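Below is one structure, written out as structure tokens, with a few remarks after it.
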Amino acid sequence: MPVTADLDKLLDKAYENLTLSEVVDAPVAALAGITDAHAEHLASLHIKTIGDLGRNKYFRWAAALADVKDSGGR
């Protein structure tokens, strides 16, 4: 099943026309709403790229727990 996303809403303007591989390798500050200061805090957790953020086990665990709760779990 193809997946589509409007990257214009997810990324800062300078990153909108990148390939998916380039986006995943882009600095976390390329995400809309993430400032350089936010990126510095994330870097202290060894999260420097969008891929690092998406692959971080703690963020994944938190997202999974939130999804279960939102779907009616305890």
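The values are calculated or read from the model by the stated rules, or taken from the named source; none is laboratory data. Being a predicted model, the structure only gives us computed values, none of them experimental. Virtual Cβ from ideal backbone geometry, glycine too; neighbours counted across all protein chains shown.
Under the condition of being among the charged types (D, E, K, R) and surrounded by 12 or more Cβ atoms within 10 Å (Cβ to Cβ), the residues counted in segment 23-39 number 1. Here is the figure for segment 37-74: residues that are within 18 Å of E22 (Cβ to Cβ) and part of a helix (DSSP H, G or I) total 7. For segment 1-29, the candidate set comprises residues that are among the aliphatic types (A, V, I, L, M) and over 25 Å from H46 (Cα atoms); within that set, the residue that is modelled with the highest pLDDT is A5.
Residue count for segment 11-22, restricted to those that are buried (at least 17 other Cβ atoms within 10 Å of the Cβ) and outside any helix (DSSP H, G or I): 1.
Selection of first residues in segment 22-44 that are touching a residue at least 40 places away in the same chain (Cβ under 8 Å) and of second residues that are surrounded by fewer than 12 Cβ atoms within 10 Å (Cβ to Cβ), restricted to Cβ pairs under 9 Å at least 6 apart or on distinct chains, gives an empty result.
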